[in-house]
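As structure tokens, the structure follows; a few thoughts come after it.
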Amino acid sequence: MSAGLKRNKGFFRSDKAFDIVNIVILTVVLLICAYPLWFIIIASVSNPDLVNTGKVWLWPKDVSFTGYKNLFGDPSIMRGYRNTLLYTFGGTVLNLFVTLPAAYALSRKDFVGRKFFNIMFLVTMFFSGGLIPTFLTVKALGLYNNPWVMVILGATSMTNIIISRTFFQSNIPDELQEAARIDGCGNFRLFCQIVLPISSAIVAVMALFFAVTHWNGYFTAMIYIRNEEWKPLQIVMREVLLQSQFNAEMLQQGGDTLGMLQEELRAAEQIRYALIVVASIPVMLLYPFIQKYFVKGVTVGAVKG
Amino acid sequence: MNGILKKEKARFPQKAGSPQKVISHQKAMSSQKTLGKDEGRSLKERGGERRRRRWAKLWLRIRRNWVLYLFILPAFLYFLIFAYVPMYGIQIAFKDFVATKGFVDSPWADPIWKHFKTFFSSVYFMDVFKNTIGLSLYYILASFPVPIILALMVNEVKNTKFKKLVQNFTYMPYFISTVVLVGMVQLFLAKTGLFNQIGALFGAEPKLFLQKDGLFNDIYVWSGVWQVSGYSAVIYIAALTGVSPELHEAAIMDGATKLQRIRHVNLPAIMPTIVTMLIMSVGGIMNLSFEKVLLMQTDSNLMVSEVISTYVYKLGIQKAQFSLSSAVGLFNNLINVTLLIIVNKISAKISDTSLW
């Protein structure tokens, strides 16, 4: 390797220069990622006029919580919030109940039929019935426009089974199973009392993955939920966040004659910022835990496809 | 480059070689079992005895672990009902689906490829197909290298605090929901939004970004890059921690600069990971983020924003043309699977990395 490399001299090619450029670029990247999020927060509590005229940059100005007040006074948003909490909680519990035992079974080398189940599950990663046949199946099962669809659909996925399976394989020694069997400890007790407690990391990772997916999920509800009463937050949010955007811009072009409406629209703008904050807060609260386990989870999964 | 790869493999022999080893071990075991002992009896008798013994042994193993079947039952049922029943239902792409008759009893289409023909000859086909491929390729080309570069850069940071800070903030956007992301994009790109305000600082006239069809692809792609790059980088960063420091020491002894070491040590070391990720993303080329495209669609940008998955949605769910939209969906799925197989084969040949 050494023969081909020239010794580089001069400051601009030195490691020192590299480090400086590297840190400068990364700082810019950091700002690009973080600033939009920060801007949303300060815009949600600032006077919308100042936000729209570009006077709010680093700190909130003319602080008011009208956006939040309007938000919490809106029954459809509150209902969406409650629904999402329920779906996230129920869905995550079901996810763990379906995924972890299956992953454990597949991690056992002495499990007859392991290969069959592995292949059967793997196929679903690369091939699916597609939207319409799935839709018709769900409908035939009576789950269309039924809140249970939000919990049941996506109860597990092969990707997550693989991640957990890999974790069990690399962290639970075969001897443990052997020893447990000799001591007359059945598989059920082995799993609940020995395997799960020493695998708390993967339980946490899975719970976080699933919870975030449920919280942010939008697709299932859009296809299967019709009833206003059962709509999750993301759907309600779309209606508030995106639907009115086009009109707002049209009106802004329209000039001052529509002063009253504009006033209302300004308030609506603040609601949008506030809504983004409120909808993202639970996930951001989980964030410290996420970063602790998340890297571990992604890394475990990466070991084998 | 290859030398380093091989060295890495040699360091983790159990990872690379274990599946074959297990199989060959099992083969050896079974062939051992079949040999010996029961000579002298009739062939039939011997075969029956052997078979019985093998079944008894298998039965014992099954009975001993019966709880494991209970463990796998929920997942089995889930995939059976929500993955395999719909797969079976794909046949409606070749049928004239009648809701009251279901998947099986609906009559076959005449001719059987009727719905495919309808799709291929429809005026939308070329546009939708071109939009899908164009947007996908653009997205892969833009979003694939960024996390690799980011990971290589983060890996060079010595200050652990700064390193953590960068990592934590770059993968934060990943946890934002699609609805929120699109909402943010619309707020920022509005006439009075953040982008125009920043532009105003440099004396630019405010622009209506969202009303420009030509920008749809750019907005879709770069907001996606913003959202997922940090997350994708995590995998590469993890792979980079596995690079042996000895290689770096040797390179330093030879007078290699940091940039040279990144190119000749780090990059080859994470090449298997890069290839795996590339296969995955090419295999999913037709799987654009359906949600995001749909959320970003407006009546005015449909010409550039209609892709196969949104077309299937509108045709199937909104207009209830189940058979036709299933055919379109199947077409989409088949392209994906074919691409995945081809790319996987190529990469197995070139770089010894493959998914299966």
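The values are calculated or read from the model by the stated rules, or taken from the named source; none is laboratory data. In this text the structure is predicted, and so the values were computed from the model without any measurement. Reconstructed Cβ throughout: ideal geometry from the backbone, glycine too, with neighbour counts over all protein chains shown.
For the reader, a short list of remarks on this structure follows.
- Number of positions in the range A:91-117 that are over 26 Å from the mean Cα position of the chain (by Cα) and of a type in the set (S, T, N, Q): 1
- Criterion: under 30 Å from B:F209 (Cβ atoms) and free of Cβ contacts under 8 Å to residues at least 24 places away in the same chain - qualifying residue of B:L259, B:L294, B:L334: B:L294
- If only residues of the range B:306-340 that are β-branched (V, I, T), more than 19 Å from B:V123 (Cβ to Cβ) and within 9 Å of chain A (Cβ to nearest Cβ) are counted, the one that is surrounded by the most Cβ atoms within 10 Å (Cβ to Cβ) is B:I317.
- Exclusive hit being of a type in the set (V, I, T), under 24 Å from A:N118 (Cβ atoms) and at pLDDT 85 or above, set A:T213, A:T220: A:T213
- Matching residues in the range B:88-112 - criterion: being in contact with a Phe, Trp or Tyr (Cβ under 7 Å, 6 or more places away or on another chain) and part of a helix (DSSP H, G or I): B:Y88, B:G89, B:Q91, B:I92, B:F94, B:F103
- Within the range A:100-114, tally of residues that are touching a residue at least 60 places away in the same chain (Cβ under 8 Å) and of a type in the set (F, W, Y): 1
- Selection count, the range A:120-146, where residues are more than 28 Å from the chain's Cα centre (by Cα) and not in a helix (DSSP H, G or I): 0
- Flag if A:L106 is at pLDDT 90 or above, at the interface with chain B (Cβ under 10 Å from one of its Cβ atoms) and more than 23 Å from A:V149 (Cβ to Cβ): yes
- Criterion: surrounded by fewer than 23 Cβ atoms within 10 Å (Cβ to Cβ), within 8 Å of chain B (Cβ to nearest Cβ) and either in a helix (DSSP H, G or I) or at pLDDT 90 or above (or both) - qualifying residue of A:F117, A:F111: A:F117
Each row is one residue, and each column tells you yes or no for (1) away from chain B (no Cβ under 14 Å); (2) crowded, with 16+ Cβ neighbours inside 10 Å; (3) free of Cβ contacts under 8 Å to residues at least 24 places away in the same chain.
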residue: A:I40; (1), (2), (3): no, yes, no
residue: A:A43; (1), (2), (3): no, yes, no
residue: A:T66; (1), (2), (3): yes, no, no
residue: A:G73; (1), (2), (3): yes, no, yes
residue: A:S76; (1), (2), (3): yes, no, no
residue: A:G80; (1), (2), (3): no, yes, no
residue: A:N83; (1), (2), (3): yes, yes, no
residue: A:G91; (1), (2), (3): no, yes, no
residue: A:L96; (1), (2), (3): no, yes, no
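- When each of A:N216, A:N227 is tested for being closer than 30 Å to B:A320 by Cβ and surrounded by fewer than 21 Cβ atoms within 10 Å (Cβ to Cβ), the lone residue that passes is A:N227.
- Counting only helices (runs of 4 or more DSSP H) that fall entirely inside the range A:169-224 and contain at least 2 residues that are under 30 Å from A:P282 (Cβ atoms), in contact with a Phe, Trp or Tyr (Cβ under 9 Å, 6 or more places away or on another chain) and not acidic (D, E), the qualifying elements are A:200-216, A:219-224.
- Of the residues A:E228, A:E175, the single one that is at pLDDT below 90, closer than 30 Å to A:K139 by Cα, of a type in the set (D, E) and over 20 Å from the mean Cα position of the chain (by Cα) is A:E228.
- Test for B:N301: is it touching a residue at least 60 places away in the same chain (Cβ under 8 Å), surrounded by fewer than 20 Cβ atoms within 10 Å (Cβ to Cβ) and more than 20 Å from the chain's Cα centre (by Cα): yes
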